[in-house]
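Visitor: I'd like to ask you about the structure that follows.
The values are calculated or read from the model by the stated rules, or taken from the named source; none is laboratory data. Just so it is clear, the model here is predicted, and its values are computed rather than measured. A quick note on method: Cβ atoms are made from the backbone with ideal geometry, for glycine too, and the neighbour counts reach across all protein chains shown. Just so you know, the surface numbers come from the protein's heavy atoms only, side chains and all, with ligands and any DNA or RNA stripped out. Shrake-Rupley method; radii C 1.70, N 1.55, O 1.52, S 1.80 Å.
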Amino acid sequence: MIELLRLPPQPKFVNGWTIRQVTDDGILSHSYPVDVNATLGSATWTTFKVSMKLPEGVMINNDTKLARWDHSKKTWRTGGLDDINIDIEAGTVTCMAHQFAPIALMLDRYTNMPYQMWEMKPQAVDHTLFSITGAVVELQFEIKGHQCCLTAASIDDSPALPHLVKKWTTFCVLKQALLSAGVNLFPEPDADNYVSIVKKDEQVEAKVYQQMSLLSCVVGFSWSKWNSEVGEQQFVVQACEHVSQQTSWELYIAGNRSCKLKMKDTDEQFSPDTAENHEVTVEYPSHIYKLLHTSMTVTS
(Lines give C-alpha, C1' and ligand atoms only; values in the text may rest on other atoms or scores of the structure.)
Protein backbone atom coordinates (compact mmCIF):
# COMPACT_ATOMS: atom_id res chain seq x y z
CA MET A 1 0.00 0.00 0.00
CA ILE A 2 1.52 3.34 -1.11
CA GLU A 3 -0.45 6.21 0.41
CA LEU A 4 0.08 9.93 1.09
CA LEU A 5 -1.47 10.79 4.46
CA ARG A 6 -2.55 14.10 5.96
CA LEU A 7 -1.28 14.50 9.50
CA PRO A 8 -3.90 15.31 12.14
CA PRO A 9 -3.67 18.66 14.00
CA GLN A 10 -0.50 18.64 16.09
CA PRO A 11 -0.56 19.44 19.84
CA LYS A 12 0.56 22.84 21.18
CA PHE A 13 2.39 23.28 24.47
CA VAL A 14 1.48 26.49 26.36
CA ASN A 15 2.52 27.24 29.97
CA GLY A 16 2.72 23.58 30.90
CA TRP A 17 -0.54 22.76 29.19
CA THR A 18 -0.90 20.47 26.15
CA ILE A 19 -3.60 21.74 23.81
CA ARG A 20 -4.80 19.17 21.30
CA GLN A 21 -7.61 19.60 18.78
CA VAL A 22 -9.98 16.65 18.84
CA THR A 23 -11.35 15.55 15.45
CA ASP A 24 -13.55 12.67 14.32
CA ASP A 25 -11.72 12.20 11.02
CA GLY A 26 -8.56 10.45 12.18
CA ILE A 27 -5.81 10.13 9.58
CA LEU A 28 -6.94 11.25 6.13
CA SER A 29 -5.54 10.50 2.70
CA HIS A 30 -4.00 13.40 0.82
CA SER A 31 -4.90 13.79 -2.84
CA TYR A 32 -2.05 13.49 -5.33
CA PRO A 33 -0.99 15.32 -7.44
CA VAL A 34 -1.60 18.31 -5.21
CA ASP A 35 -1.99 21.93 -6.17
CA VAL A 36 1.46 23.35 -5.51
CA ASN A 37 1.29 26.41 -7.77
CA ALA A 38 0.38 28.66 -4.86
CA THR A 39 3.59 27.87 -3.00
CA LEU A 40 6.04 26.71 -5.62
CA GLY A 41 5.17 28.94 -8.53
CA SER A 42 5.29 27.07 -11.82
CA ALA A 43 6.76 23.89 -10.32
CA THR A 44 5.12 20.59 -11.31
CA TRP A 45 4.77 17.50 -9.16
CA THR A 46 3.82 14.58 -11.40
CA THR A 47 5.78 11.44 -10.55
CA PHE A 48 7.62 9.97 -7.59
CA LYS A 49 9.92 6.99 -7.16
CA VAL A 50 8.75 3.82 -5.41
CA SER A 51 11.25 1.22 -4.18
CA MET A 52 10.15 -2.05 -2.58
CA LYS A 53 11.90 -5.12 -1.17
CA LEU A 54 9.90 -8.28 -1.81
CA PRO A 55 9.08 -10.57 1.13
CA GLU A 56 11.45 -13.52 1.45
CA GLY A 57 10.15 -16.62 -0.27
CA VAL A 58 8.06 -14.87 -2.98
CA MET A 59 8.77 -16.38 -6.39
CA ILE A 60 8.69 -14.12 -9.45
CA ASN A 61 9.80 -14.58 -13.06
CA ASN A 62 10.53 -12.55 -16.17
CA ASP A 63 6.82 -12.33 -17.02
CA THR A 64 5.92 -10.64 -13.72
CA LYS A 65 4.02 -7.37 -14.15
CA LEU A 66 3.43 -4.41 -11.84
CA ALA A 67 -0.04 -2.94 -11.42
CA ARG A 68 -1.78 -0.27 -9.33
CA TRP A 69 -5.30 -0.20 -7.93
CA ASP A 70 -7.67 2.22 -9.65
CA HIS A 71 -10.12 3.39 -6.96
CA SER A 72 -12.53 4.95 -9.48
CA LYS A 73 -12.77 1.84 -11.71
CA LYS A 74 -12.40 -0.70 -8.88
CA THR A 75 -9.83 -2.68 -10.84
CA TRP A 76 -6.09 -3.22 -11.25
CA ARG A 77 -4.34 -1.26 -14.02
CA THR A 78 -0.82 -1.45 -15.42
CA GLY A 79 -0.91 2.19 -16.57
CA GLY A 80 0.37 5.04 -14.42
CA LEU A 81 3.65 3.24 -13.60
CA ASP A 82 6.82 4.07 -15.56
CA ASP A 83 10.46 2.97 -15.59
CA ILE A 84 9.59 -0.36 -13.97
CA ASN A 85 12.55 -2.45 -12.88
CA ILE A 86 11.98 -5.88 -11.32
CA ASP A 87 15.24 -7.41 -10.11
CA ILE A 88 14.58 -11.13 -9.63
CA GLU A 89 17.94 -11.96 -8.02
CA ALA A 90 17.89 -9.02 -5.58
CA GLY A 91 14.16 -9.34 -4.94
CA THR A 92 13.52 -5.62 -5.43
CA VAL A 93 11.04 -3.56 -7.43
CA THR A 94 11.40 0.11 -8.43
CA CYS A 95 9.17 2.33 -10.55
CA MET A 96 8.00 5.90 -11.11
CA ALA A 97 4.36 6.33 -10.08
CA HIS A 98 1.86 9.07 -10.95
CA GLN A 99 -0.53 8.44 -8.06
CA PHE A 100 -0.53 7.04 -4.54
CA ALA A 101 -2.37 3.72 -4.59
CA PRO A 102 -1.96 0.05 -3.67
CA ILE A 103 0.68 -1.55 -5.91
CA ALA A 104 0.83 -5.28 -6.62
CA LEU A 105 2.88 -7.83 -8.54
CA MET A 106 0.85 -9.76 -11.10
CA LEU A 107 1.78 -13.28 -12.21
CA ASP A 108 0.23 -15.39 -14.94
CA ARG A 109 -1.89 -17.93 -13.04
CA TYR A 110 -1.32 -20.58 -15.69
CA THR A 111 2.43 -20.22 -16.29
CA ASN A 112 3.03 -23.80 -15.10
CA MET A 113 0.02 -25.32 -16.86
CA PRO A 114 -0.50 -27.71 -18.40
CA TYR A 115 1.94 -29.79 -16.34
CA GLN A 116 4.96 -31.06 -18.22
CA MET A 117 4.85 -34.23 -16.15
CA TRP A 118 3.52 -35.69 -12.89
CA GLU A 119 4.23 -38.88 -10.95
CA MET A 120 2.96 -40.72 -7.86
CA LYS A 121 5.20 -43.13 -5.95
CA PRO A 122 3.69 -45.40 -3.26
CA GLN A 123 5.54 -45.53 0.08
CA ALA A 124 3.22 -47.37 2.48
CA VAL A 125 -0.44 -47.54 3.47
CA ASP A 126 -1.93 -44.03 3.13
CA HIS A 127 1.53 -42.76 2.24
CA THR A 128 2.74 -41.59 -1.18
CA LEU A 129 5.04 -39.12 -2.94
CA PHE A 130 3.55 -36.84 -5.58
CA SER A 131 5.76 -34.88 -8.00
CA ILE A 132 4.69 -32.13 -10.42
CA THR A 133 6.86 -30.44 -13.03
CA GLY A 134 5.64 -27.22 -14.63
CA ALA A 135 7.24 -24.88 -17.14
CA VAL A 136 9.06 -22.97 -14.37
CA VAL A 137 8.70 -24.83 -11.08
CA GLU A 138 9.20 -28.41 -9.92
CA LEU A 139 7.59 -29.56 -6.66
CA GLN A 140 7.49 -32.81 -4.71
CA PHE A 141 4.88 -33.47 -2.01
CA GLU A 142 4.76 -36.18 0.62
CA ILE A 143 1.22 -37.22 1.54
CA LYS A 144 0.50 -39.26 4.65
CA GLY A 145 -3.07 -39.71 5.81
CA HIS A 146 -4.72 -36.29 6.10
CA GLN A 147 -1.40 -34.44 6.30
CA CYS A 148 1.05 -33.38 3.61
CA CYS A 149 4.29 -31.46 3.23
CA LEU A 150 6.49 -30.01 0.52
CA THR A 151 9.64 -32.15 0.41
CA ALA A 152 11.47 -30.39 -2.44
CA ALA A 153 11.01 -27.31 -4.61
CA SER A 154 13.06 -25.76 -7.40
CA ILE A 155 12.83 -23.02 -10.00
CA ASP A 156 14.97 -23.44 -13.11
CA ASP A 157 16.89 -26.21 -11.27
CA SER A 158 17.67 -23.93 -8.28
CA PRO A 159 16.35 -24.75 -4.77
CA ALA A 160 13.37 -22.62 -3.72
CA LEU A 161 10.77 -22.11 -0.97
CA PRO A 162 13.00 -23.18 1.96
CA HIS A 163 10.47 -21.67 4.40
CA LEU A 164 7.85 -24.23 3.29
CA VAL A 165 9.92 -27.39 2.84
CA LYS A 166 9.50 -30.23 5.38
CA LYS A 167 6.66 -28.56 7.27
CA TRP A 168 3.69 -30.87 7.78
CA THR A 169 0.24 -29.33 7.53
CA THR A 170 -3.14 -29.78 5.85
CA PHE A 171 -3.51 -29.46 2.10
CA CYS A 172 -5.61 -26.27 2.34
CA VAL A 173 -2.97 -24.51 4.46
CA LEU A 174 -0.14 -25.63 2.16
CA LYS A 175 -2.06 -24.57 -0.93
CA GLN A 176 -2.61 -21.06 0.47
CA ALA A 177 1.07 -20.80 1.45
CA LEU A 178 2.13 -21.70 -2.10
CA LEU A 179 -0.29 -19.20 -3.62
CA SER A 180 1.02 -16.48 -1.29
CA ALA A 181 4.55 -17.30 -2.49
CA GLY A 182 3.51 -16.86 -6.13
CA VAL A 183 3.29 -20.57 -6.97
CA ASN A 184 0.05 -21.67 -8.61
CA LEU A 185 -0.30 -25.30 -9.66
CA PHE A 186 -4.01 -25.53 -8.91
CA PRO A 187 -6.28 -25.20 -11.95
CA GLU A 188 -9.61 -23.44 -11.63
CA PRO A 189 -12.81 -24.90 -13.18
CA ASP A 190 -12.44 -22.56 -16.17
CA ALA A 191 -8.73 -23.31 -16.73
CA ASP A 192 -9.43 -24.78 -20.17
CA ASN A 193 -10.37 -21.26 -21.33
CA TYR A 194 -6.79 -20.09 -20.74
CA VAL A 195 -4.67 -23.20 -21.31
CA SER A 196 -4.59 -25.38 -24.40
CA ILE A 197 -5.64 -28.83 -23.16
CA VAL A 198 -7.90 -31.70 -24.18
CA LYS A 199 -10.78 -31.39 -21.72
CA LYS A 200 -11.92 -34.70 -20.27
CA ASP A 201 -15.43 -35.80 -19.34
CA GLU A 202 -15.87 -34.72 -15.71
CA GLN A 203 -17.62 -37.89 -14.55
CA VAL A 204 -15.03 -40.19 -16.11
CA GLU A 205 -12.24 -37.97 -14.80
CA ALA A 206 -13.56 -38.06 -11.22
CA LYS A 207 -13.97 -41.84 -11.35
CA VAL A 208 -10.43 -42.42 -12.63
CA TYR A 209 -8.95 -40.12 -9.96
CA GLN A 210 -10.91 -41.91 -7.25
CA GLN A 211 -9.66 -45.32 -8.34
CA MET A 212 -6.08 -44.08 -8.63
CA SER A 213 -6.26 -42.76 -5.06
CA LEU A 214 -7.47 -46.17 -3.81
CA LEU A 215 -4.43 -47.82 -5.40
CA SER A 216 -1.87 -45.09 -4.68
CA CYS A 217 -0.36 -46.88 -1.64
CA VAL A 218 0.68 -49.90 -3.76
CA VAL A 219 0.65 -48.71 -7.39
CA GLY A 220 2.68 -45.93 -8.94
CA PHE A 221 1.12 -43.70 -11.57
CA SER A 222 2.65 -41.31 -14.08
CA TRP A 223 1.57 -39.03 -16.88
CA SER A 224 1.43 -40.19 -20.49
CA LYS A 225 2.00 -38.08 -23.57
CA TRP A 226 -0.79 -40.05 -25.26
CA ASN A 227 -3.50 -38.84 -22.89
CA SER A 228 -4.10 -35.78 -25.09
CA GLU A 229 -4.52 -37.98 -28.17
CA VAL A 230 -7.49 -40.14 -27.11
CA GLY A 231 -10.33 -37.63 -26.69
CA GLU A 232 -12.45 -36.59 -23.72
CA GLN A 233 -13.98 -40.02 -22.96
CA GLN A 234 -10.65 -41.83 -22.51
CA PHE A 235 -7.65 -41.54 -20.16
CA VAL A 236 -4.18 -42.92 -20.76
CA VAL A 237 -1.84 -43.29 -17.77
CA GLN A 238 1.33 -45.18 -16.97
CA ALA A 239 1.22 -47.52 -13.98
CA CYS A 240 3.38 -50.07 -12.21
CA GLU A 241 3.17 -52.02 -8.97
CA HIS A 242 6.55 -51.02 -7.54
CA VAL A 243 8.31 -47.78 -8.49
CA SER A 244 12.11 -47.72 -8.55
CA GLN A 245 14.92 -46.61 -10.84
CA GLN A 246 14.43 -49.83 -12.78
CA THR A 247 10.67 -49.34 -13.05
CA SER A 248 9.07 -50.71 -16.18
CA TRP A 249 5.98 -48.62 -16.67
CA GLU A 250 2.96 -50.17 -18.35
CA LEU A 251 0.40 -48.18 -20.30
CA TYR A 252 -3.30 -48.35 -19.45
CA ILE A 253 -6.29 -46.81 -21.17
CA ALA A 254 -9.41 -46.11 -19.10
CA GLY A 255 -12.89 -45.04 -20.13
CA ASN A 256 -15.71 -46.77 -21.95
CA ARG A 257 -13.00 -49.21 -23.05
CA SER A 258 -10.45 -50.12 -20.40
CA CYS A 259 -7.41 -52.33 -20.81
CA LYS A 260 -3.65 -52.64 -20.59
CA LEU A 261 -2.10 -51.51 -23.87
CA LYS A 262 0.50 -53.45 -25.81
CA MET A 263 2.48 -50.30 -26.62
CA LYS A 264 4.85 -48.28 -24.42
CA ASP A 265 4.72 -44.56 -23.73
CA THR A 266 7.97 -44.09 -25.65
CA ASP A 267 6.49 -45.46 -28.88
CA GLU A 268 6.26 -42.97 -31.73
CA GLN A 269 2.70 -43.84 -32.74
CA PHE A 270 -0.38 -44.58 -30.67
CA SER A 271 -1.93 -48.03 -30.94
CA PRO A 272 -5.13 -49.17 -29.17
CA ASP A 273 -4.03 -52.83 -29.33
CA THR A 274 -4.53 -54.73 -26.07
CA ALA A 275 -1.59 -56.40 -24.33
CA GLU A 276 -1.40 -60.17 -24.69
CA ASN A 277 -3.36 -62.25 -22.16
CA HIS A 278 -5.10 -59.18 -20.85
CA GLU A 279 -8.85 -58.67 -20.66
CA VAL A 280 -10.81 -55.69 -21.91
CA THR A 281 -13.54 -54.21 -19.75
CA VAL A 282 -16.41 -52.21 -21.18
CA GLU A 283 -17.75 -50.82 -17.91
CA TYR A 284 -18.47 -47.11 -17.82
CA PRO A 285 -17.03 -45.19 -16.08
CA SER A 286 -13.82 -47.17 -16.33
CA HIS A 287 -12.56 -49.65 -13.77
CA ILE A 288 -8.82 -49.15 -13.84
CA TYR A 289 -8.96 -50.32 -10.22
CA LYS A 290 -10.19 -53.75 -11.32
CA LEU A 291 -7.59 -53.99 -14.11
CA LEU A 292 -4.67 -53.28 -11.79
CA HIS A 293 -6.02 -55.10 -8.73
CA THR A 294 -6.33 -58.42 -10.54
CA SER A 295 -2.73 -58.23 -11.80
CA MET A 296 -1.04 -57.34 -8.49
CA THR A 297 1.14 -59.74 -6.52
CA VAL A 298 -0.03 -61.45 -3.34
CA THR A 299 2.32 -59.23 -1.25
CA SER A 300 0.63 -56.04 -2.43
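Visitor: Ratio to report: Rg/Rh of the chain, with Cα atoms as the point set and Rh obtained by the Kirkwood method; give two decimals.
Guide: Working: Rg = 28.2 Å, Rh = 23.9 Å.
Looking at the chain, the ratio lands at 1.18.
Visitor: With everything on Cα atoms, drop me the angle between helix 202-215 and the longest principal axis of the chain, reported from 0 to 90° to the nearest 10.
Guide: Relative to the chain, helix 202-215 is tipped by roughly 70 degrees.
Visitor: So, with a 1.4 angstrom probe, what is the percent of accessible area on the chain that is carbon and sulfur? Let's see the in-between values first.
Guide: Numbers: 9690 of 18830 Å².
Solvent-exposed carbon and sulfur of the chain make up 51 percent of the total.
Visitor: Also: Work out, step by step, the length gained on full extension between residue 199 and residue 27: first 0.36 nm times the residue separation, then minus their alpha carbon distance; give nm to one decimal. Could the numbers behind the result be given before it?
Guide: Numbers: separation 172, 0.36 × 172 = 61.92 nm, distance 5.22 nm.
Residue separation times 0.36 nm, minus the Cα-Cα distance, leaves 56.7 nm.
Visitor: Where is the GNM fluctuation largest for the chain (alpha-carbon springs, 10 angstrom cutoff): 122, 189, 55?
Guide: Per the Cα network of the chain with a 10 Å cutoff, 189 tops the list.
Visitor: The range 109-169: which GluC sites (Glu not before Pro) are DSSP loop and have at most 16 other beta-carbon atoms within 10 angstrom?
Guide: On the way: sites: 119, 138, 142; in loops: none.
Sites meeting the loop and neighbour criteria: none at all.
Visitor: Using DSSP to call loops (not H, G, I, E or B), can you name the trypsin sites (Lys or Arg not before Pro) in the range 117-173 whose Cβ has at most 14 other Cβ atoms within 10 angstrom? Don't jump to the answer; show the numbers that get you there.
Guide: On the way: sites: 144, 166, 167; in loops: 166, 167.
For trypsin sites (Lys or Arg not before Pro) across the range 117-173 that sit outside H, G, I, E and B with at most 14 neighbouring Cβ atoms in 10 Å, the list reads 166, 167.
Visitor: Using the Cβ atoms and a cut-off under 14 Å, what net charge is assigned to the surroundings of residue 263, where Lys and Arg are +1 and Asp and Glu are -1?
Guide: Values: positive: 225, 260, 262, 264; negative: 229, 250, 265, 267, 268, 273, 276.
Here the count lands on -3.
Visitor: Separate question: Heads up, I need the accessible area for residue 290: 1.4 angstrom probe, whole protein in place, Å², nearest 10.
Guide: Near enough 80 Å² of accessible area.
Visitor: Suppose all protein chains stay in the model; what accessible area per residue would a 1.4 Å probe give for the chain, in Å²?
Guide: Working: 18830 Å² over 300 residues.
That works out to 63 Å² per residue.
Visitor: Next question. Loop only per DSSP, at most 15 neighbouring Cβ atoms within 10 Å: give me the chymotrypsin sites (Phe, Trp or Tyr not before Pro) in the range 145-220, ordered by residue number. List each step's numbers first, then the result.
Guide: Numbers: sites: 168, 171, 194, 209; in loops: 168, 194.
Of the chymotrypsin sites (Phe, Trp or Tyr not before Pro), the ones in loops of the range 145-220 whose Cβ has at most 15 other Cβ atoms within 10 Å are 168, 194.
Visitor: Please report the relative contact order for the range 148-232, taking Cα pairs under 8 Å with a sequence separation of at least 6, and give it as a percent rounded to a whole number. Show your work: numbers first, answer last.
Guide: On the way: 39 pairs, mean separation 18.6, N = 85.
The value is 22 percent.
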